[in-house]
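Inspection log for the structure reproduced underneath, given as structure tokens.
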Amino acid sequence: MIYSEKVMDHFANPRNVGEIDNADGVGEVGNAKCGDIMKMYIKVDDNIITDVKFKTFGCGAAIATSSIATEMIKGKAIEDALQITNKAVVEALDGLPPAKLHCSVLAEQAMKAAIADYYTRQGIDPTPFVGEIHDCEDCEGCH
Amino acid sequence: MEKRFIYADNAATTCVSKKALEAALPYFTEQYGNASSIYRMGMDSAKVILKAREQVANAIGAKVNEIYFTSGGSEADNWAIKGSALNGAKRGKKHIITTVFEHHAVLHTCQFLEKQGYEVTYLPVDEKGLITPKQVEDAIREDTCLVTIMFANNEIGTVLPIAEVGEICKAKKVPFHTDAVQAVGNVPINVKEMNIDMLSLSGHKIHAPKGIGCLYVRGGISLPNLIHGGAQERNKRAGTENVPSIVALGVAITDACADIDTKAIKVSKMRDRLIEGILKIPETRLNGDANKRLPGNVNISIRGVEGESLLLTLDMNGIAASSGSACTSGSLDPSHVLLAIGLPHEIAHGSLRLSINEDTTDEDVDYILSVIPNVVKRLRGMSPLWERICKTEGLDSDGNKIK
């Protein structure tokens, strides 16, 4: 298996690792059984994601996709952040091995879960904006 | 401590020894004759193959004409199992006994045979990764055509009671095969004393090149061919002999088996220091048996950390290691070996295998022990799973109980 230089860079020097104490939205996806858990924190100011942090338990690709996902949504308006797909995450990393594509899905879901939580805290039903957040159980990766 | 490069994955493969390489080199460019040819250069090849066959036979207590060179351990396993299955079917015997934690070369071959109408009993292993001879005895039936049990496990290093199983199989007149790929050169083996009927071994685990191995088949057992064609290997395994690699295997196995006891004392001392040192990290556990263990095998699960990211970070620090985590092998399921000894998925995902050998030094051990705690701390620091474990179990971020 071969990881791109970009993946290795984000793995070795992950951006935005950590937690935000007074986050406006927190999303967690994945489970320990599958070997990947991503937790994302966002700070939202005037509809703009002003800060984002993550914590990930998982393989190199899981850490790299979460890292680059935080870079991709930081400074973006929520609507624009919601447009980011797992495919965009893969492209930004110069590709992922086929067996690791599910990590990019997880990264997309983690962003969406954090935004969904933000909406919920605002008293807004997130489903029309965010859609369904898929749990790990739906993933065919390890079953 | 200054960064260095340490290869701690000798269970995956080893470097070719200089001695084996030098012995092999002339057979690439100068003495390249086909061993089946009648002229001098061909006969020379046939002679060195014979010498290597003697060396391999001596190393495991076999007779020369019981050694068949193959492309490696996987081919040898396939041949022994499929051949025994075909032999069994002729007498209406279509039952095979193995264990749940064999190498895939054995497991997948057995699964293939199940699809062909064979019945396979997969003996469970206990939490240390061991079986009892009685389990084998109880599983043997009238229609059992083969017992195949690994000598030593490739992931957790447990050494199984092969001589005892051999005795039972002999008494019950059931052919007994063992995959000894990890054991050869690390554990004394004598196929006659241990009543082993067939044994697979691989060159590249003992400082010979990749792509060479052998199957020992006890005289009196006639296995049908796996590979048909020319008359090589006494008509039993077709294909022009890989002369340089065969020569290298002869040299390498002689060295590997020359002084197993002294080597084992030296290597297991370093192994135990590694185990003891890594287990100082809270929330870690040793996988496999502490005593019935290959001298060079360390396998430890580290809670809250995922195996592949652990390996990548170790590599960044100059340490080449392996994991029970199947992420490394392209499948996402955790290791079947770790699940077989009863580890839950989330713990099986975070395992580290270090396999050292006689080339490893005390300084290497010191270096590994200086690196691992920092790597674990870094990965745990960014792990939401670790965060949850600490919270629910009342641990601080280093994993110590909060009083």
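The values are calculated or read from the model by the stated rules, or taken from the named source; none is laboratory data. Because the structure is predicted, anything quoted here is derived from the model rather than measured. Neighbour counts run over all protein chains shown; Cβ positions are idealised from the backbone, glycine included. What goes into the accessible areas is simple: the full protein's heavy atoms, side chains included, and nothing from ligands, DNA or RNA. Shrake-Rupley method; radii C 1.70, N 1.55, O 1.52, S 1.80 Å.
Numerical summary
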{"read-out": "Residue in the stretch B:385-403 that is farthest from the other protein chains (Cβ to nearest Cβ), counting only those that are open to solvent by less than 60 Å² (accessible area, probe 1.4 Å) and in contact with a Gly (Cβ under 9 Å, 6 or more places away or on another chain)", "value": "B:GLY399"}
{"read-out": "The stretch A:67-85, subset in contact with a His (Cβ under 9 Å, 6 or more places away or on another chain) and not hydrophobic (A, V, I, L, M, F, W, C), residue farthest from the other protein chains (Cβ to nearest Cβ)", "value": "A:GLU71"}
{"read-out": "Checklist (1) in contact (Cβ under 8 Å) with a residue 60 or more places away in the chain; (2) touching a helix residue (DSSP H, G or I) at 6+ places or on another chain (Cβ under 6 Å); (3) within 22 Å of A:LEU101 (Cβ to Cβ); (4) small (Gly, Ala, Ser) applied to A:ALA62, failing item", "value": "(1)"}
{"read-out": "Selection count, the stretch B:73-109, where residues are surrounded by 23 or more Cβ atoms within 10 Å (Cβ to Cβ) and touching a Lys or Arg at 6+ places or on another chain (Cβ under 7 Å)", "value": "1"}
{"read-out": "Residue match in the stretch B:258-280 (condition: more than 14 Å from chain A (Cβ to nearest Cβ), crowded, with 22+ Cβ neighbours inside 10 Å and assigned to a loop (DSSP other than H, G, I, E, B))", "value": "no"}
{"read-out": "Elements of type helices (runs of 4 or more DSSP H) contained in the stretch A:77-128, each with 2 or more residues being small (Gly, Ala, Ser)", "value": "A:86-92, A:101-121"}
{"read-out": "The stretch A:24-66 - residue that is hydroxyl-bearing (Ser, Thr, Tyr) and more than 10 Å from chain B (Cβ to nearest Cβ) and, of those, least open to solvent (accessible area, probe 1.4 Å)", "value": "A:THR65"}
{"read-out": "Failed condition for B:GLU308, given (1) modelled with pLDDT under 95; (2) closer than 23 Å to B:LYS3 by Cα; (3) of a type in the set (Asp, Glu); (4) open to solvent by 10 Å² or more (accessible area, probe 1.4 Å)", "value": "(4)"}
{"read-out": "Every residue from the stretch B:1-22 that is of a type in the set (D, E, K, R), surrounded by fewer than 17 Cβ atoms within 10 Å (Cβ to Cβ) and at pLDDT 95 or above", "value": "B:LYS18, B:LYS19, B:GLU22"}
{"read-out": "Residues located in the stretch A:8-31, provided they are within 18 Å of A:ALA88 (Cβ to Cβ) and more than 15 Å from the chain's Cα centre (by Cα)", "value": "A:ASP9"}
{"read-out": "First in the stretch B:383-395 and under 17 Å from A:MET40 (Cβ atoms), second anywhere and assigned to a helix (DSSP H, G or I) and open to solvent by 70 Å² or more (accessible area, probe 1.4 Å), Cβ under 9 Å, 6 or more apart", "value": "B:LEU385/B:GLU346"}
{"read-out": "Matching residues in the stretch B:268-296 - criterion: being in contact with a helix residue (DSSP H, G or I) (Cβ under 7 Å, 6 or more places away or on another chain) and of a type in the set (S, T, N, Q)", "value": "B:THR284, B:ASN287"}
{"read-out": "Some residue of the stretch A:16-23 being at pLDDT 95 or above, facing chain B (nearest Cβ under 10 Å) and buried (at least 16 other Cβ atoms within 10 Å of the Cβ)", "value": "yes"}
{"read-out": "In the stretch B:23-69, residue surrounded by the most Cβ atoms within 10 Å (Cβ to Cβ) [restricted to those that are of a type in the set (Asp, Glu) and out of contact with any helix residue (DSSP H, G or I) (no Cβ under 8 Å at 6 or more places or on another chain)]", "value": "B:ASP44"}
